[in-house]
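In what follows, a structure is listed as structure tokens, so that the remarks can point back to it.
No lab work stands behind these numbers, since they all come straight from the coordinates. Everything numeric here is computed off the predicted structure, so don't read it as measured data. No Cβ is skipped: glycine too gets one built from the backbone with ideal geometry, and neighbour counts run over all protein chains shown.
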Amino acid sequence: MIIHNHFDVNSKGHLTIGGTDAVELAKEFGTPAYILDENVIRENCRTYLRAAREHFGADALPLYASKALCFTGIYKIAAEEGLGVDCVSGGELYVAKRAGFPADKIYFHGNNKTDRDIADALDMGVGTFVVDNCDELEALSEAATRRGITQRILLRITPGIDPHTHRAIMTGNVDSKFGSAIVTGQAMDIVKRAIAADGIELAGLHCHIGSQIFDIEPFSDAAAIMVRFIAQIKAECGYEIKELNLGGGLGVRYTEYDRDIDYAEAVKDIATVVKNLCAEGGVKLPKIILEPGRSLVAAAGATLYTVGGVKEIPGFKNYISVDGGMPDNPRYALYQSQYTALIANRANEPRDYRATLAGRCCESGDLLGENMEIQKAKRGDILAVLVTGAYNYSMASNYNKLPRPPVIMLKDGVARVAVKRESYEDLVANDVI
Ligand code: LLP
């Protein structure tokens with residue numbers, strides 16, 4: 001077992017992913033390639049659904065935050081597993097629709113929905129809009145009224161929580177670009193407007209405090225603030241909030257220095273706090289929505305690369321260059337995110353070499369990690385970066401005109417192409433002159 005149970009080493013000394021030899025996968029599908037163990041994703045979906053229902057009640061629903069990994073097949077998995085989804089753009093809505101995802105179980109997010117986004121989502125029959133601000137509320141109210149419909153919404157509320165994660169992925173603080181803050185009075189203002197707005201049914205509230213969070217405390221703190229706010233709405237407006245979406249954000253184990261979170265336990269702990277708070281505050285337990293992204297898909301993934309060369313700069317550092325980099329995984333360049341890497345064809349050897357993993361772009365910041373523990377490498381080796389299922393493919397670009405890698409899904413020992421490797425023709429498909 002390496003970091004997670006589905007990563008292991010076989011008798012040839014090769015890395016296996018869900019029991020399949022990673023070196024064989026690289027041979028069959030080429031590199032770079034994203035590999036996904038579908039069984040892990042499905043198991044995670046089941047864990048969340050079971051725990052949510054058990055601890056919050058039968059109507060509780062986890063949504064898959066599809067920004068973490070978005071392609072047609074993933075919506076089919078979410079639908080089959082009985083989850084809802086969080087979509088954040090017209091593009092994600094389009095893919096969900098293409099996959100046949102039930103529109104009534106889609107929650108439409110985003111801090112700046114365009115008129116076209118709003119129109120498309122209404123035409124599609126999206127179940128719930130998560131409204132970010134008063135301008136959006138007004139635009140939605142007008143569009144819904146024009147169509148003669150009443151649109152169900154949640155309001156995105158900023159609880160004012162600092163969850164101690166990377167600044168760029170922290171969203172629950174008062175000065176966030178997302179939502180309306182309680183302390184400034186803007187949250188109560190938008191609640192009152194939503195209650196009064198034509199074409200709008202205010203079903204509930206949403207908060208999301210950030211991502212890659214390992215402690216339960218920030219979630220409980222946010223939940224406490226939200227439950228208090230629900231009580232305040234009842235007292236001030238006589239209005240009952242029926243649904244509370246607690247967002248996503250639970251962390252994932254990327255390296256042996258990270259803890260492994262038991263998501264069922266985490267849901268149970270948050271539920272205990274929420275139920276106690278509701279009882280104390282005289283608030284009826286609302287329908288609870290959870291919105292995990294990373295914790296459903298990250299661990300399922302690994303990226304396979306081919307080593308192009310090793311450069312040792314005496315007295316400084318060693319570089320291992322691979323045939324991908326920041327275009328397929330920008331997370332080190334953006335957040336200095338830490339990963340576990342290994343040489344897949346010699347995975348049984350000790351990781352006693354220190355190296356910086358360099359991508360192939362014309363940019364010094366194009367790194368997948370620095371000072372990483374790995375086996376000594378040589379040209380032609382297959383290098384695997386583990387736990388790349390979330391925010392890799394979905395954040396990939398064509399920088400330096402590198403085609404995006406394919407997504408290969410493994411299920412019970414069978415490998416299928418879920419997303420094809422981009423071709424050079426794909427890279428010019430939209431070039432008009
Ligand atoms: N709900 C909302 C409203 C969100 O904004 C997000 C993530 C989620 C749910 C899911 O959070 P998760 O369970 O995945 O932590 N690109 C960054 C992460 C950005 C997260 C954005 N919002 C990264 O690569 O770390």
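Going down the table (Lys113/Lys268; Lys76/Lys401; Lys192/Lys287; Lys67/Lys317; Lys76/Lys411), which pairs top 25 Å between alpha carbons?
Result: Lys113/Lys268; Lys76/Lys401; Lys67/Lys317 exceed 25 Å.
Got a sec to turn the phi values of region 277-289 into Karplus ³J(HN,Hα) couplings, 6.51 cos²θ - 1.76 cosθ + 1.60 with θ = phi - 60°, whole Hz, x for Gly and Pro?
Working through the residues one at a time gives 4, 5, 4, 4, x, x, 10, 5, 4, x, 5, 9, 10 Hz.
What are the ³J(HN,Hα) values, in whole Hz, obtained from phi via the Karplus relation 6.51 cos²θ - 1.76 cosθ + 1.60 with θ = phi - 60°, for each residue of region 230-238 in sequence order, with x given for Gly and Pro?
4, 5, 5, 5, 5, 5, 7, 10, x
GluC sites (Glu not before Pro) within region 358-429: which are DSSP loop residues with at most 15 other Cβ atoms inside 10 Å? Mind dumping the intermediate values first?
Numbers: sites: Glu363, Glu370, Glu373, Glu422, Glu425; in loops: Glu363, Glu422.
Those that pass, being in a loop and sparsely packed, are Glu363.
With a/c under 1.5 counting as rounded, go ahead and sort region 317-433 into rounded, prolate or oblate using the C-alpha gyration tensor (a ≥ b ≥ c being the square roots of the eigenvalues; past the cut-off, prolate if a/b is larger than b/c, else oblate). Provide the component values of the computation, followed by the final result.
On the way: a/c = 2.00, a/b = 1.35, b/c = 1.48.
Oblate shape, in that a/c is at least 1.5 and b/c is the bigger or equal ratio.
Rounded if a/c is under 1.5, else prolate if a/b beats b/c, else oblate: with a ≥ b ≥ c from the C-alpha gyration tensor eigenvalues square-rooted, which is region 59-215? If you can, show how the numbers build up before the last one.
On the way: a/c = 1.88, a/b = 1.05, b/c = 1.79.
Note, shape of region 59-215 comes out oblate.
Taking the Cβ of each residue in Met188, Met409 as the centre, tally the other Cβ atoms inside 10 Å and list the residues starting with the fewest. If you can, show how the numbers build up before the last one.
On the way: Met188 17, Met409 23.
In order of increasing Cβ crowding within 10 Å: Met188, Met409.
Mind listing which trypsin sites (Lys or Arg not before Pro) in region 287-338 are in a DSSP loop and have 14 or fewer other Cβ atoms within 10 Å?
Values: sites: Lys287, Arg294, Lys311, Lys317, Arg331; in loops: Lys317.
Hits after loop and neighbour filter: Lys317.
List every residue whose amide H lies under 5 Å from the amide H of Gly369, counting only residues 5 or more places away in sequence or on a different chain, with H placed 1.01 Å from N in the peptide plane.
Hits under the 5 Å cutoff: Leu357.
What size of dipole, in debye to the nearest 20, comes out for the chain about its Cα centre when the only charges are +1 on Lys and Arg C-beta atoms and -1 on Asp and Glu C-beta atoms?
In debye, rounded to 20, the chain gives about 460.
Whose amide H sits under 5 Å from the amide H of Ile200, counting only residues 5 or more places off or on another chain, with H placed in the peptide plane?
Counting only residues 5 or more places away or on other chains, the set is Gln151.
Quick one: Cα centre-to-centre distance for region 339-370 and region 176-205, in angstrom?
With region 339-370 and region 176-205 each reduced to a Cα centre, they are spaced 47 Å.
Taking the Cβ of Arg152 as the centre, find all other residues whose Cβ is under 11 Å away and add up their charges (Lys, Arg: +1; Asp, Glu: -1). Numbers along the way, then the final one.
On the way: positive: Lys242; negative: Asp104, Glu201, Glu243.
Once all neighbours under 11 Å are counted, the net charge is -2.
Put +1 on the Cβ of every Lys and Arg and -1 on every Asp and Glu Cβ in the chain; which of Ser11, Met409, Phe56 then has its Cα farthest towards the positive end of the dipole?
Checking the options against the dipole of the chain, the answer is Ser11.
What list do you get for Thr20, Thr388 if you sort them by fewest beta carbons within 10 Å?
Working: Thr20 22, Thr388 27.
The most exposed by this proxy come first: Thr20, Thr388.
With the dipole of the chain worked out from charges on the C-beta (+1 for Lys and Arg, -1 for Asp and Glu) around the Cα centre, which of Asn348, Cys134, Leu93 lies farthest toward the positive end?
Of the candidates, Asn348 comes out farthest on the positive side.
For the chain, list log₁₀ I(q)/I(0) at each q in 0.09, 0.13 Å⁻¹, using the Debye formula over Cα point scatterers of equal strength and ignoring solvent, two decimals each.
-0.59, -1.13
Ratio of region 330-378's C-alpha Rg to 2.2 N^0.38 Å, to two decimals?
Dividing the Cα Rg of region 330-378 by 2.2 N^0.38 Å gives 1.18.
Between 0 and 90 degrees, rounded to the nearest ten: what's the tilt of helix 134-147 against the longest Cα principal axis of the chain?
70 degrees
Can you give me the Cα centroid spacing of region 235-258 and region 96-163 in angstrom?
With region 235-258 and region 96-163 each reduced to a Cα centre, they are spaced 19 Å.
Please name whichever of Phe229, Gly160, His109 sits farthest to the positive end of the charge dipole of the chain, dipole taken about the Cα centre and charges placed at Cβ: Lys and Arg +1, Asp and Glu -1.
Farthest along the dipole direction, towards plus: His109.
What chymotrypsin sites (Phe, Trp or Tyr not before Pro) in region 204-276 are in a loop by DSSP, with at most 10 other Cβ atoms within 10 Å of the Cβ?
Details: sites: Phe214, Phe219, Phe229, Tyr239, Tyr254, Tyr257, Tyr263; in loops: Phe214, Tyr239, Tyr254, Tyr257.
Counting only loop positions with at most 10 other Cβ atoms within 10 Å, the chymotrypsin sites (Phe, Trp or Tyr not before Pro) in region 204-276 are Tyr257.
What net charge is computed for the residues neighbouring Glu92, neighbours being all others with C-beta under 13 Å from the C-beta of Glu92, Lys and Arg scored +1, Asp and Glu -1?
With Lys, Arg at +1 and Asp, Glu at -1, the net is +1.
Restricting to DSSP H runs of at least four residues, report the calculated mean residue ellipticity at 222 nm for the chain, -39500 (n - 2.57) per run over all residues, nearest 500 deg cm²/dmol.
On the way: 12 runs with 134 residues, N = 433.
When only DSSP H runs of four or more count, the value is -9500 deg cm²/dmol.
Order 27-40, 273-286 from most to least packed using the mean count of other Cβ atoms within 10 Å. Mind dumping the intermediate values first?
On the way: 27-40: 21.0, 273-286: 16.4.
By packing density, highest mean first, the sequence is 27-40, 273-286.
Near Val130, within a Cβ-to-Cβ distance under 12 Å, what is the net charge of the other residues, with Lys and Arg +1 and Asp and Glu -1?
On the way: positive: Lys113, Arg152, Arg156; negative: Asp86, Asp132, Glu136, Glu243, Glu291.
Net charge around Val130: -2.
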